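Working notes, beginning with the structure itself.
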Amino acid sequence: MTKSIHALYPISGNPPSWGHADIMERAARIFDHVTWALAVNPTKTYLFSPQERMDMMGEYIRHFGLNNVTVAEYQGATVRYAQKIGASVIVKGVRNPLDLQAEMEQAQGNHNIDSSIETVALFTSPRYSVINSTLIRELALLGEDIEPYVIGSVAKKVREILRAKGIAAGPAR
């Protein structure tokens, strides 16, 4: 009997980028099932609602045609959510040495809570290594093109949401 491996890939994704999607798609090729989960920190302020961000995440899943990835949202400790959904692996994307250090520290903390859940780091593809949600938000708020950083349908959603909130600045697209 083959063991099915369920992986959890948590992001804050405000908004989700090609970098996030790259890790998600690669994880989907490695693991039997991936829960691409939106980590919601109630002490943080987000430009996009959890539902808006999960809708954006779904755009990437449809783009790649994946049937072994589901989108979810959670609050609290990532390792506790992994336990709740039966994931035996937590996937983390690493862009640079700073990410690596932070993810190593978090992995150790998670291991101390539940040593049966492994953390697997996937290195970001070089073309996505400088993308971050802060850059994308700042460019979008200035009315600049964000399509190099997000899928076209997400760029459209971002523009629509900002327009609806009356906070889009810069030239119209």
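The values are calculated or read from the model by the stated rules, or taken from the named source; none is laboratory data. For clarity, every value in this text was computed on a predicted model and none was experimentally measured. Note that each Cβ is placed from the backbone with ideal geometry, even for glycine, and that neighbours are counted across all protein chains shown. Protein only, heavy atoms only, side chains kept; ligands, DNA and RNA dropped before computing areas. Shrake-Rupley method; radii C 1.70, N 1.55, O 1.52, S 1.80 Å.
Among what's in segment 87-96 and is outside any strand (DSSP E or B) and at pLDDT 95 or above, pick the residue that is farthest from residue 115 (Cα to Cα).
Taking segment 87-96 and keeping what is outside any strand (DSSP E or B), we get 87-88, 95-96.
Right, trim to at pLDDT 95 or above and you get 87-88.
On the way: 87: 13, 88: 10 Å.
By that ranking, first place goes to 87.
Is segment 97-119 home to any residue that is in a strand (DSSP E or B) and on the phi < 0 side of the Ramachandran plot? Can you show your working first?
In the first step, residues of segment 97-119 are kept if they are in a strand (DSSP E or B); the result is 118-119.
The next check asks that each one be on the phi < 0 side of the Ramachandran plot; those that pass are 118-119.
Yes, segment 97-119 has at least one match.
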If I ask for residues that are closer than 13 Å to residue 57 by Cα, at pLDDT 95 or above and either small (Gly, Ala, Ser) or not in a loop (DSSP other than H, G, I, E, B) (or both), which ones from segment 1-33 would you list? 9, 10, 11, 17, 18, 19, 20, 21, 22, 23, 24, 25
If you take the residues in segment 129-151 that are open to solvent by 70 Å² or more (accessible area, probe 1.4 Å) and under 20 Å from the mean Cα position of the chain (by Cα), which one is nearest to residue 14 (Cα to Cα)? 138
Among the numbered criteria (1) out of contact with any strand residue (DSSP E or B) (no Cβ under 6 Å at 6 or more places or on another chain); (2) at pLDDT 95 or above; (3) surrounded by fewer than 18 Cβ atoms within 10 Å (Cβ to Cβ), which one does residue 120 miss? (1)
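Tell me, yes or no, whether segment 83-99 has at least one residue that is of a type in the set (D, E, K, R), closer than 20 Å to residue 70 by Cα, in contact (Cβ under 8 Å) with a residue 24 or more places away in the chain and open to solvent by less than 70 Å² (accessible area, probe 1.4 Å).
In the first step, residues of segment 83-99 are kept if they are of a type in the set (D, E, K, R); the result is 84, 92, 95, 99.
Still in the running and closer than 20 Å to residue 70 by Cα: 84, 92.
Add one more test, that the residue is in contact (Cβ under 8 Å) with a residue 24 or more places away in the chain, and what stays is 92.
This time we only want the ones that are open to solvent by less than 70 Å² (accessible area, probe 1.4 Å), so: 92.
Yes, segment 83-99 contains a residue that is of a type in the set (D, E, K, R), closer than 20 Å to residue 70 by Cα, in contact (Cβ under 8 Å) with a residue 24 or more places away in the chain and open to solvent by less than 70 Å² (accessible area, probe 1.4 Å).
Looking at the structure I just gave you, is residue 83 assigned to a helix (DSSP H, G or I), over 25 Å from residue 32 (Cα atoms) and at pLDDT 95 or above?
Working: assigned to a helix (DSSP H, G or I): yes; over 25 Å from residue 32 (Cα atoms): no; at pLDDT 95 or above: yes.
Spelling it out, it is not the case that residue 83 is assigned to a helix (DSSP H, G or I), over 25 Å from residue 32 (Cα atoms) and at pLDDT 95 or above.
So if I check each of 158, 154, which one is in contact with a helix residue (DSSP H, G or I) (Cβ under 8 Å, 6 or more places away or on another chain), among the aliphatic types (A, V, I, L, M), open to solvent by less than 60 Å² (accessible area, probe 1.4 Å) and under 21 Å from residue 25 (Cα atoms)?
Details: 158 fails: under 21 Å from residue 25 (Cα atoms).
After applying the criteria, what remains is 154.
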Failed condition for residue 62, given (1) under 24 Å from residue 147 (Cα atoms); (2) part of a loop (DSSP other than H, G, I, E, B); (3) open to solvent by 40 Å² or more (accessible area, probe 1.4 Å); (4) not β-branched (Val, Ile, Thr), with all others met? (2)
Top-ranked residue of segment 6-43 - restricted to ones that are of a type in the set (D, E, K, R) and touching a residue at least 12 places away in the same chain (Cβ under 8 Å), ranked as surrounded by the fewest Cβ atoms within 10 Å (Cβ to Cβ): 32
